[in-house]
Amino acid sequence: MGTNIRLVENPSRPLSVHPHKFALWLFIVSIVMIFASLTSAFIVKQGDGSWLDYNLPSMFWYTTAAIILSSALLQWGYFAARANQLKRLTVLVAITTLLGMVFLVGQWLAWGQLVDMEVYFVGNPAGSFVYVLSGLHAFHLLSGIIFLIVVFVSSLKHKIHSGNLVRMEMCVTYWHFLGALWVYLFVFLIFYH
Amino acid sequence: MDQHIAETTGYHDEQWHAHGHHKESFVTKYIFSQDHKVIAKQFLITGIFWAIVGGILSSIFRLQLGFPDMSLEWLRPILGGWITDTGKLDPEFYLALVTMHGTIMVFFVLTAGLSGTFANFLIPLQIGARDMASGFLNMLSYWFFFASSVVMLCSFFLKTGPASGGWVVYPPLSALPQAIQGSQGGMTLWLIAMALFIISSLLGGINYITTIINLRTRGMTFTRLPLTIWALFLTAVIGVLSFPVLFSAALLLIFDRSFGTSFYLSDIYIGGEALTNQGGSAILFQHLFWFLGHPEVYIVMLPGLGITSEIIATNSRKPIFGYRAMIGSLLGIAILSFVVWAHHMFVTGMNPFLGSIFMILTLIIAVPSAVKVFNYLATLWKGNIRFTPGMLFSIGLVSFFISGGLTGIFLGNAAIDIPLHDTYFVVAHFHLVMAAASFFGMLAGVYHWFPKMFGRMMDAKLGYIHFWLTFIGVYLVFFPMHYIGIAGFPRRYYSWTNFDVFNSFTDLNTFVSVAALAVMAAQFIFLFNFFYSIFRGRIAPANPWRSNTLEWTTPLHPGHGNWPGAIPTVYRWPYDYSKPGAEEDFIPQYVPFSETMESNLPHENDLIALEKEEESIVIDESKSH
C-alpha cells in the first residue's frame, strides 16, 4: 500500500441493508404472496355466489388489541436495547412473547365462538376461509414467537445491546409484520365476510 | 455470528484464511456441505437422476402410443401389476406416467436441476463472492429438495400408484380419492412432496436474490453483471412471488382432500349419489394454479436464456448484441409472466372480454422474446464462431425457442386455442419452447462450466454426437405432433386406435415413438461422457473458453471461499470480446481500463481517473459490522 491511503468506515456497498435483514424482507414478501392469493381467492369465490352469511367472532377484537399492544411493547423494547437498558429490554421481550401466546389462545377461543355460531371448518367455503386465514396466520405467528424466545434468551445473556442490534431489528420487523398482517386480515374479513 | 457475517459478505480476506484452516470431514465437505459449489453439484446430480427417471417414464408411454398392439410383458419384472394380464399397460398407470413425467421434468429437473445447479454455482463465482448470503439456508434448500424427491419417489411404490390427475392436478379429479386410483395415497404424497419443494425453492430463491443484491464484489455494478446472473436473479424473483401462490392452492386442496372442506368442490355426483361438498369452485384452483403455473414456465426458461447469452457471446468472440435490451427483455418477460395466466383457461367459460385482455397481454410476450432471438442472431452474425458443444446446444436452444415460440402466437389467440386446446399441438408447442429449449440450456451450461465444476474437460467429439442426435431427434419427435394436434388428437389419451378418424395417424405416432426412443438413447452418450470425464477427462486449463467472467480467475479446484487471495475488483462489463486494438480477443472483467490504453474508447479513458480513486480506498472491515 502506498502513502495514498484513505480509510473509510463504511465502504461503499451496493446496498446498505444487512444480507440477513434483506433475506427476511424477501421471506416477508413470500408470506404476503400467500395471503394475497388466499384473500383474492376469497373474493373470487364470493363472486361465485352460494355464500354463507355469518358474524365474525367478537374475540377477534380482543386478539387484535393484544397483537397491536405487543407490537408497541416490542418497539419500546427495541428503543431500550438501543439505549442499552438491558433489564427493561428483557422484560419487554418477555411480555411481548406472553402477549403473542395470549393472542394464539384468543384465536383458539374465537374458533370456538365460530363453532357456537354454527360456522364450521368443514362446510361452506365462506366459513372455511376464516379458519384457513386465521389458522395460517397463527402458524406464522408461532414462528414469530419462537423468534421472540430466541431473542429473549440472547437478551438474558446480554447479547443484545446498542452494538449488536441485527437480531433484535429482524425480530422487531418480523413481529410488526405479523401484527400488521393480522390487522389486514381482520379488516379484510370485516369488509368482505 | 459476527465472524460468519464478515465471511459471507466477502469483504474480509483474513476471515477466509482463518476459514481455510477448518478441518472438514467427508460429511461436512460432500454431504451436509455449505459450499455453494458442492450444493450446485448435488442439485445437478439429483437433477440428472430425475431426468433419467422422467425420460424412462416418457419412453414407456411412447411405447404404448407408438406401438399399441405391442406386448409389454417384458416390462413386468419392473412394473409388475401395472402390466395387465393381456400384456398391456394399465390405462390408469398410463395416466400416472404422463402425470409424473410432467411433474418430474418441470419441477425436479428444469426448476431444481437447472436453477438449483447454475444459480448456486454461478452466482457467487460470477459476481465475486465468497459464498451465498447464507450457506446454511442454502444447504437446507438442497435437503428440502432431497426430502421432496424421496417422498415423490416413494409414491411410485404405492399399490394405488403415484398421482395421475395430470401435472396440473385439477380438482375434482385430484381431490376425490374415488375418482381415480392415483388420487388416493399417490396424490397425498404428491402434495407433501410439492410442499417440501416449495420450501426448498423459496429458501434457494431468497438466498440467490440476497446474494446478488448484497455481495457483489467491488465494481460489479448491475450494468456489469453477466446476463446469466441477470437471468438467474429474475428467475429467483419470479419464484419468490409465485411459489407461495402454489402453496396456497395446494393447501386448500389438502384441506379438501383430507379434511372434507369444499373450496374446490360443489355439486358432484358419484354413482348417482350427491357428495355433501357444496359451494366450492374448481375454476378457483385453476386460477391459483396457473398464477404459479405460468410464471413457472419462465422459471424454467430464463436460466437457459441467460446461460445461452453468456455462451453465445463467448464463443462468437463478440460482445453480446444489445446488452441492455437483453436485460430489458428479461425484465419484460418476468413482469408479463404474472399477467397472462388465464390463457391456459380459455375453455373454462371465461368472459370473452376478459379472454381478449389475456390474449393481448399474452401476445405482447412475443415482443421481448423476439428481442432476445434477434439479439442472439445479431451476436452470431459475422462472429468468429467456435463450435464447442456448449455453443451448439446454445444455438439449438435459439432454434427451439423460435420454432416453439411461433406456435405460441397461435395458441395465445383464444379463437385458435379453443379448437387446439389439450391437443398434441399444445404438447408440441410447450415441449419445443419450454422443455427442449430449457433442456438444451441446461446441457449447454453443463458442457460450458464442466471445467470449472470438476477441473476437467468433457470430450468434445462425444458432445458433438450427443448434440446432433438430440437436436435432430427432438425435431423429429415434436414436429409431427403439430399435425397430430391439428387433426384433433387430445393429449393424455391412452389409446386412439378405437377411433376410426385417428387410424391414419398410427404410422406417424410410431415414427414419433421411434424418434423419442432414439433421443433417449442418445442421452446415455452424455451420461457416459459426464461421469467418465469427472474422473478421467483431460485436465482443464484455467480459462478454457478464453472467457471474461470472474469464475475463470479462481484456481482450477476452488476451495470454500473461491479465491485464495483477495476477490478481484471488476472494472468493465463482461463482453469485451474482439475489442478493436486489443492484443487478445478478450479482456477479462478484472482488467482495469488503465492497462488497456490501446483499446479504450474515449469515455472509457475518462473512467481511468475514477479507477485510481477507487483503488485508493481501503476498506476497514472491522468497523463495517
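On a full-extension model of 0.36 nm per residue, what is the gain between A:Val166 and A:Tyr184, subtracting their alpha-carbon distance, rounded to one decimal in nm?
So the chain would gain 3.8 nm between A:Val166 and A:Tyr184.
How are the C-alpha pair distances of the stretch A:66-193 spread across 5 Å bins, as whole percents from the shortest bin up?
2, 11, 20, 20, 14, 11, 8, 6, 4, 2, 0
Starting from the Cα of A:Lys159, draw a straight line to each of the aspartates and glutamates and keep only those under 19 Å, dropping any in the same chain fewer than 8 residues away.
A:Glu169, B:Asp2
Rounded to whole Å and sorted largest first, list the principal axis extents of the Cα atoms in the stretch A:7-137.
Computed over the stretch A:7-137, the largest-to-smallest principal extents equal 69, 36, 16 Å.
What whole-number volume per residue, in cubic angstrom, does the convex hull of the C-alpha atoms of the stretch B:248-393 give?
147 Å³
Can you pull the one-decimal nm distance between simple spin-label points at B:Thr348 and B:Tyr464, each 7 Å off the Cα toward Cβ?
With each label point 7 Å from Cα toward Cβ, the separation is 5.0 nm.
Just the Cα atoms of the stretch B:229-283: what Rg and Dmax do they give in Å?
Cα only, the stretch B:229-283: 17.0, 57 Å (Rg, Dmax).
Normalising by the residue count of the stretch B:136-188, find the relative contact order in percent from Cα pairs under 8 Å and 6+ residues apart. Write out the running numbers ahead of the final one.
Details: 50 pairs, mean separation 17.3, N = 53.
Across the stretch B:136-188, relative contact order equals 33 percent.
Among the listed pairs B:Lys318/B:Lys372; B:Lys461/B:Lys579; A:Lys21/B:Lys29; B:Lys382/B:Lys461, give every one whose C-alpha distance is greater than 19 Å.
The answer is B:Lys461/B:Lys579; A:Lys21/B:Lys29; B:Lys382/B:Lys461.
Once the piece of chain linking B:Cys154 and B:Ile472 is laid out straight, how much longer is it, given 0.36 nm per residue of separation minus the C-alpha distance between them?
Difference between extended and current length: 111.0 nm.
Among all stretches of chain B without exposed trypsin sites (Lys or Arg not before Pro) (DSSP loop, at most 13 other Cβ atoms within 10 Å), which one is longest?
B:160-381
So what's the back-of-envelope 222 nm ellipticity for the protein assembly as shown, counting only DSSP H runs of four-plus at -39500 (n - 2.57) apiece and dividing by all residues, rounded to 500?
-21500 deg cm²/dmol
Relative contact order, percent, of the stretch A:33-157 when contacts are C-alpha pairs under 8 Å separated by at least 6 residues?
It rounds to 32 percent for the stretch A:33-157.
Is any residue of the stretch A:122-150 close enough, with backbone N under 17 Å, to a label point placed 7 angstrom from the Cα of A:Asp116 along the Cα-Cβ axis, and if so, which?
Hits in the stretch A:122-150 for A:Asp116 at 17 Å: none.
Answer rounded, prolate or oblate for the stretch B:470-565, using the Cα gyration tensor with square roots of eigenvalues a ≥ b ≥ c: rounded when a/c is under 1.5, else prolate when a/b is larger than b/c, else oblate.
On the way: a/c = 4.09, a/b = 3.21, b/c = 1.27.
The shape class here is prolate.
Distance between Cα centroids, the stretch B:389-455 to the stretch A:111-158: provide it in whole Å.
The stretch B:389-455 and the stretch A:111-158 have Cα centres separated by 44 Å.
Give the angle, between 0 and 90 degrees and rounded to the nearest 10, that separates the Cα long axis of helix B:185-214 from the longest principal axis of the Cα atoms of chain B.
Computed tilt is about 20 degrees.
Just tell me which aspartates and glutamates come within less than 19 Å, Cα to Cα, of B:Lys452; anything on the same chain fewer than 8 places away is out.
The qualifying aspartates and glutamates are B:Asp35, B:Asp131, B:Glu310, B:Glu551.
Can you give me the angle between helix A:166-192 and the longest principal axis of chain A, using Cα atoms only, in degrees from 0 to 90, rounded to the nearest 10?
Once rounded, the angle reads 20 degrees.
In percent, what relative contact order does chain B have, based on Cα pairs under 8 Å that are 6 or more apart in sequence?
Relative CO of chain B lands at 15 percent.
What nm value, rounded to one decimal, do you get for the distance between B:Trp381 and A:Leu69 when each label is placed 7 Å out toward the C-beta?
7.1 nm
Residue by residue through B:259-268, how many Cβ atoms from other chains fall within 10 Å of the Cβ on average?
Mean partner shielding for this stretch: 4.
So, in Å, what gap is there between the alpha-carbon centers of the stretch B:290-342 and the stretch B:89-104?
Spelled out, the Cα-based centre of one part sits 31 Å from the other.
Between A:Arg82 and B:Phe136, what FRET efficiency follows from the Cβ-Cβ distance if R0 is 35 Å, with the result rounded to 0.05?
Numbers: r = 28 Å, r/R0 = 0.80.
Taking R0 as 35 Å, the efficiency between A:Arg82 and B:Phe136 is 0.80.
Could you tell me whether the protein assembly as shown comes out rounded, prolate or oblate from its Cα gyration tensor? Rule is a ≥ b ≥ c as square roots of the eigenvalues, rounded for a/c under 1.5, then prolate if a/b exceeds b/c, otherwise oblate.
Verdict is oblate for the protein assembly as shown.
Stick to the Cα atoms of chain B, pair each with every other, and give me the Kirkwood hydrodynamic radius in Å at one decimal.
Numbers: mean 1/r = 0.0389 Å⁻¹.
Computed over chain B, the radius equals 25.7 Å.
Take every DSSP beta bridge with both residues inside the protein assembly as shown and express the antiparallel ones as a percent of the total, to the nearest 5.
Numbers: 7 of 10 bridges.
Of the beta bridges lying entirely in the protein assembly as shown, close to 70 percent run antiparallel.
Using alpha carbon centroids, what distance separates the stretch B:528-581 and the stretch B:171-241, in Å?
So the two Cα centres are separated by 28 Å.
With label points built 7 Å along Cα→Cβ from the Cα atoms of B:Ala274 and B:Glu598, find their separation and express it in nm.
8.7 nm
Kindly list the residues of the stretch B:598-616 that lie in the label zone of B:Ala566, defined by a backbone N under 18 Å from the point 7 Å along the Cα-to-C-beta vector.
In the stretch B:598-616, the label zone of B:Ala566 (backbone N under 18 Å from the point 7 Å along Cα→Cβ) covers B:608-616.
Can you put B:Thr46, B:Thr276 in order of Cβ neighbours within 10 angstrom, beginning with the fewest?
In increasing order of surrounding Cβ atoms, one gets B:Thr276, B:Thr46.
Where a number appears in this text, it was derived from the coordinates with a stated rule and is not lab data. Please read these numbers as outputs of a predicted model, since none were measured by experiment. Cβ atoms come from the backbone with ideal geometry, glycine included; neighbour counts cover every protein chain shown.
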